[in-house]
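First up is the structure itself, then whatever we jot down about it.
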Amino acid sequence: MKQFFYLAFWFFKVKFLRKEIPLQSVIFITDKCNLSCRHCAVYNLENPIMKSYSQIKQELEYSYKKGARFVDFEGGEPTLWQEDGKDINSLVSLAKEIGFFSTTITTNAQNPFEQLQADSLWISLDGVGKYHNQIRGEGTFEKLDKNISLSLHKALSVNMVINSLNYPSIEETLEYVKQNPHIKKISFNFHTPFSGTEYLQIDKEKRINAINTIIKYKKQGYPIMNSISGLKLMKENNFKKRCWIANFILVDGTRLKECTGKTYGVCDNCGFGMASEMHSVFNLRIDTIIAGLKLRIG
Ligand SMILES: C[S@@+](CC[C@H](N)C(=O)[O-])C[C@H]1O[C@@H](n2cnc3c(N)ncnc32)[C@H](O)[C@@H]1O
Ligand code: SF4
């Protein structure tokens, strides 16, 4: 109930009073990673940074004061974070003590994640078998699949980033998700062409075909997180972006009011589904509001 009223009041302030208040914080806690995926511009193999517990505490408190009530711990691979006996679960507990409603960890699922205590887990799944492996490395799909099969987490979802290598795997990925009892939902994003990864962006025709396929499956009841209104907006990608809905704190401590895409000038080619979902919420699309409430308060 408390969460529902907070969300309703937040919506009133941002929609009708035109205030720009974040609801979510994306905090990059390390850029250390155990993979080096082809589509990624974040990981740092040579000189990885691991933020200190006290720095992350300050960043959580700052984000909370700004208004954010949901936090996503990002990396690098966030499950690698540690400091003097503390691990990622210590950060989850800290966020809850500060007052965040919910915590999320996005992971590549290369290590077992049964012990993770975040409210929701996002596993990055970029296709089935060889499609995932050609982006993330040989054997990564098999490890992910095994670790998912061992999971008892109640809110485990997967995120597929569609690019020029894996778009033929959309339908089999949907079947994989539907048949896997451990996975709640799948969310689709498109590759965002950060510097050096431009070649992985798919052209507009393929993007529209991919979206039509996803909408077709959604109508058949497949467990897809994106709303139909949000998916339709992603076809043209020319809607107004309100990316201040999530504030970002980068691994070097830079505090951004909005997504890194703006800093890197890639908004016109943005592939993040959240941008179109938020636009639909602002336009009071019922299907998106329901999808958003399910995501936020279950
Ligand atoms: C940077 S990763 C960090 C968390 C973790 N290492 C993982 O792979 O899940 C967070 C998410 O960003 C996605 N991502 C990476 N590069 C991207 C890009 N260029 N466009 C869209 N999503 C991207 C990844 O697929 C992953 O789901
Ligand atoms: S596992 Fe995540 S952070 Fe690491 S390289 Fe892949 S997408 Fe980037």
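Every number here is computed from the coordinates shown, using simple stated rules; none is lab data. Just so we're clear, the structure is a prediction, and the values are computed from it rather than from any experiment.
I need the per residue convex hull volume for segment 20-297, using only the alpha carbons, in cubic angstrom as a whole number.
Given the Cα convex hull of segment 20-297, per-residue volume reads 121 Å³.
For the chain, set up a Gaussian network in which alpha carbons nearer than 10 Å are linked by springs, and say which option among S227, S276, S151 fluctuates the most.
S151
So what J values fall out for segment 176-184 if you push phi through Karplus, 6.51 cos²θ - 1.76 cosθ + 1.60 with θ = phi - 60°, rounded to Hz, Gly and Pro as x?
Whole-Hz 3J(HN,Hα) from phi for segment 176-184: 4, 5, 4, 8, 8, x, 8, 9, 7.
Can you give me the C-alpha center-to-center distance between segment 214-277 and segment 135-204, rounded to a whole angstrom?
Segment 214-277 and segment 135-204 have Cα centres spaced 16 Å from each other.
Express the C-alpha Rg of segment 147-217 as a ratio against the empirical globular expectation 2.2 N^0.38 Å, rounded to two decimals.
For segment 147-217, the normalised Cα radius of gyration is 1.23.
So what's the gap between the Cα centers of segment 15-72 and segment 91-120, to the nearest angstrom?
Between the Cα centre of segment 15-72 and that of segment 91-120, the gap is 13 Å.
How high is the relative contact order of the chain, given as a whole-number percent (alpha carbon pairs under 8 Å, six or more residues apart)?
17 percent
Classify segment 1-40 as rounded, prolate or oblate from the Cα gyration tensor: take a ≥ b ≥ c as the square roots of its eigenvalues, call it rounded if a/c is under 1.5, otherwise prolate when a/b beats b/c and oblate if not.
Judged from the Cα gyration tensor, segment 1-40 comes out prolate (a/c at least 1.5, a/b above b/c).
Please work out whether segment 24-67 counts as rounded, prolate or oblate from its C-alpha gyration tensor, where a ≥ b ≥ c are the square roots of the eigenvalues and a/c under 1.5 means rounded, while otherwise a/b larger than b/c means prolate and anything else oblate?
oblate
Cα-based Rg of segment 130-188 per 2.2 N^0.38 Å, rounded to two decimals?
1.10
Just how many % of Cα pairs in segment 28-161 lie over 27 Å apart, if you round to the nearest whole percent?
Of all Cα-Cα distances in segment 28-161, 19 percent exceed 27 Å.
Can you tell me which of I98, I245, I214 moves the most in a GNM of the chain? Springs connect C-alpha atoms under 10 Å apart.
For the chain, modelled as a Gaussian network with Cα springs under 10 Å, the answer is I98.
When the chain is treated as a GNM, springs tying every alpha-carbon pair under 10 Å, which of E258, E277, E46 comes out with the largest mean-square fluctuation?
Its mean-square fluctuation being the largest, the pick is E46.
Any chance you could get the radius of gyration and Dmax over the Cα atoms of segment 173-298, in Å?
Final numbers for Rg and Dmax: 15.2, 44 Å.
Show which lysines lie in cross-link reach of K240 when reach means a straight Cα distance below 24 angstrom and same-chain residues fewer than eight apart are skipped.
K13, K15, K19, K66, K204, K206, K232, K257, K262, K294
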